[in-house]
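Below is one structure, written out as C-alpha cells; the observations come after it.
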Amino acid sequence: MLKEKDNQLSIYSILYDKIPENHTLKLLRDEVDFSFINKMLEKTYCKEYGRPAKEPELMVKILVLQKLYDLSDEKVIENCSLNLAYMYFLGINPEDDLPHPSLLTKFRKSRLEGNLTIDEIIIEIINQCIEKGILQKVSGITIDSTHTEANTKKYRPERVMKQLAKKIFKTVKEENGEIPSEINQEIPDYKEIENHDEARKTMKSYLEETVSKVEELVELEKAPETKALVNNAKEILADPKFIEQRGVRSIVDQEARIGYKSKNDPFFGYKTEFMMTTEDRIITAVHTGNGAYVDGTKFDELLELTKKTRIKIPEVYGDKAYFKKPILDKISELKAKAYIPVSEAAYRIDEERFSYNKDSDEWFCSQGNKTIKKKHYIRKCGKETYNYYFDREQCRNCPMREVCITGKTVGKVLGIGINTPEFYEYSQQQKSEGFKEKYKKRACQEGKNGEMKNFHGLDRAKWYGLKSMGLQAKLTALAVNLKRIAAILSSKKANYIQTFVIFTNFYGKEYHLQKIHLNSIVKNTIYRKFLTLHSKFYIKKMAFFSGHERFSWTKKGSNQ
C-alpha cells in the first residue's frame, strides 16, 4: 500500500542549515522536483491493502545516491543514516527510519526492471530544467557507445557444458532424491584432448546424451527446476554460435557476449549506447545491448526518446560506425545536419583517382576520361549496385591502363554501391575547415564515457543479465545528469551574485557603486584593492547576497 508522504519537519531539521548552499545535493533538492515519481509508479502498488510501502520517490533517490557515489546497497543506506546532505536530498527528517538494504533489490526487480520508468524520469527532469532555464532548448546531440565488462569470467564452450552437466546432476539429486544409475555421471576430461574442436564435439555429445537420459528417466513435470535446466541446456546446444565461441560463455550470465573494443582487443560483457547534448552534456536516451551489439541499431528508438525532451536538434554528431544510409536519412528528415565521418566500409572510392559530378551523374578519372553510361544491377543476395562505364577508346591509350585495368577488359568499369554518389557529397563536406571545427564538439562524449566508468561504476556490471545491466546504465545516466545539472546551477549562482555597496568619505559624501555581476573571486579581489588603495574611506555598509548569506563590515574602531 502506497501511503501519502509526510512533509512534517521535526525540530532536528534545523541541522540541515549546516549544509553549504552550493552543495550538489542541496542544489538538486531545491531546484528539481522528484514528486512525479510517486504518481508514475502508483499503479504498481495496491491502494487499499498491504503494509505501507516506502515512497518510490525515496527509493529512486537512494538509487541515485548509490550511483552518484558508487556505493553498495548496504553502504548507501549506512551513509544515508549518517550524512546530513544525503538526508536533506531524500527529504526525510534526521531521526526517520530508512529501508533495509534488501528492499533496494526488491524495488529494482519489481518496480524498475523491464520498463521505461527510468527513461521517463530522465525525460521529465530534462523538461523541468528546460522550463526553468537551467538547460538550453536548442542543442546538437552526439551518439556513441561504451563497453562494460560482465560480472563473471568467460569460459570455453567445453567448460560451459561441463558446468551445465554438473548443475543438472545436482538438481536431479535434490528434486528426485537420487540420480538414476542409467545416467552416466563420469564427465569426460576435455583437458586431455589436445584438439579443441574434438574436445567440444566430445563434450557436446556427452551433454546431449545426458539431457536425453534425464528426459527419459526423470518425471520432469514433478521436477520443475530440472525441467528448466534441461530446456536451458537444449537451447544453448541448439545455437550454432555456441560451439564457435560466439554464444553463451558463462552459465551465470548467459546474456553477456564477446565484443571488440578494437580489432585485437575483445571484451566479454555489454555495450551501452546513449545520446547526449553537446551544449550542456546531458544524456537524453540510453540503450543497452550485449557485447556483440552493432552501433546504430537502435538509433531511431534513441532519437524518439530524445525528441520527448523537447530539445530542438540542429546538428547530430557520431563516429564512423554511424555513417549508414538509414541514419543519414533519419537525420535529414529531422532537418538537422549530420557531422559523421565517412566510413570506409560504406564508401570505398579512391578520390585521388576518381571524382563525381552530381548534376551530370558522371564519374571522372585523374587522366581526364569520363563515364559514358551506367547500368543498374541487383545481385542474387539482393544487394543493388551501379556499373559506370568509361570511354573505351580513351582507356585503350591511357598511360595508367596497367594499373587501372586487369584482364582483357578494354574500358574501365567502375562498380559502386547504390548510395555512393550521395556519400561522395558527404566526403567532400568533411574536407572543409568548418566541418573539422564543428566535429570537435563530439569529444564531450568521450569525457562522459570516462566519467561514468571511472567514477560511477559503469566499467563493470553489478548484476547479471541484460535487464539488470540496462537498469544499471540508465541509473548511472540519471546520476551523472543530476550531477551536471547541479554543476550548472552552482556556476550560475556564482556568476550572478548581486552586490550593493555604499561608500562614505569623511565629508559625508556618498558614492554609489552600480549593481554588478561578478564571481566571488573577482569580487573579493576588488574589495581588497579598494581597502588597500583608499584607506581614507571607510565602509559604512557593505552587504552581498549569495543564497541566504549576508556579510557586513565596518571600519575598525567605528561605531557605525
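The values are calculated or read from the model by the stated rules, or taken from the named source; none is laboratory data. All values reported here derive from a predicted model rather than from experimental measurement. Here the Cβ is made from the backbone with ideal geometry for all residues, glycine too, and neighbour counts use every protein chain on show. Only protein heavy atoms, including side chains, enter the accessible area calculation; ligands, DNA and RNA are left aside. Shrake-Rupley method; radii C 1.70, N 1.55, O 1.52, S 1.80 Å.
Remarks
- For region 416-448, taking the residues that are assigned to a helix (DSSP H, G or I) and among the polar types (S, T, N, Q), the one that is modelled with the lowest pLDDT is identified as 420.
- Candidate set: region 178-200, residues that are free of Cβ contacts under 8 Å to residues at least 24 places away in the same chain and open to solvent by less than 60 Å² (accessible area, probe 1.4 Å); chosen: the one nearest to residue 213 (Cα to Cα): 179
- Flag for residue 436 being charged (D, E, K, R), more than 25 Å from residue 144 (Cβ to Cβ) and open to solvent by 50 Å² or more (accessible area, probe 1.4 Å): no
- Just one residue in the set 95, 113, 149, 124 is farther than 28 Å from residue 469 by Cβ, open to solvent by 10 Å² or more (accessible area, probe 1.4 Å) and acidic (Asp, Glu); that residue is 95.
- Given (1) among the acidic types (Asp, Glu); (2) farther than 30 Å from residue 133 by Cα; (3) open to solvent by 80 Å² or more (accessible area, probe 1.4 Å); (4) outside any loop (DSSP other than H, G, I, E, B), number of the condition residue 352 does not satisfy: (4)
- The conditions of being touching a residue at least 40 places away in the same chain (Cβ under 8 Å) and more than 30 Å from residue 287 (Cβ to Cβ) are not met by residue 111.
- Checking residue 464 against (1) at pLDDT 90 or above; (2) part of a strand (DSSP E or B), the condition it does not meet: (2)
- If the condition is being more than 43 Å from the chain's Cα centre (by Cα) and assigned to a helix (DSSP H, G or I), then region 176-200 contributes 176, 192.
- Whichever residue in region 373-431 is in contact with a Gly (Cβ under 7 Å, 6 or more places away or on another chain) and closer than 18 Å to residue 357 by Cβ and, among such residues, is least open to solvent (accessible area, probe 1.4 Å): 390
- Options 284, 306, 272, 288: the member that is within 14 Å of the chain's Cα centre (by Cα), in a helix (DSSP H, G or I) and either touching a residue at least 24 places away in the same chain (Cβ under 8 Å) or buried (at least 22 other Cβ atoms within 10 Å of the Cβ) (or both): 306
- Qualifying residue in region 260-276 (condition: acidic (Asp, Glu) and modelled with pLDDT of 95 or more): yes
- Entirely in region 42-95, the helices (runs of 4 or more DSSP H) that have 2 or more residues that are farther than 24 Å from residue 21 by Cβ and free of Cβ contacts under 8 Å to residues at least 40 places away in the same chain: 73-80
- Within region 323-333, the residues that satisfy the criterion of being crowded, with 16+ Cβ neighbours inside 10 Å and either over 20 Å from the mean Cα position of the chain (by Cα) or modelled with pLDDT of 90 or more (or both) are 324, 327, 328, 330, 331.
- Long-range neighbours under 7 Å by Cβ, at least six apart or interchain, first residue free of Cβ contacts under 8 Å to residues at least 12 places away in the same chain within region 411-431, second among the aromatic types (Phe, Trp, Tyr): 429/435
- Residue list for region 467-494, restricted to those being among the polar types (S, T, N, Q), closer than 19 Å to residue 23 by Cβ and out of contact with any strand residue (DSSP E or B) (no Cβ under 8 Å at 6 or more places or on another chain): 490, 491
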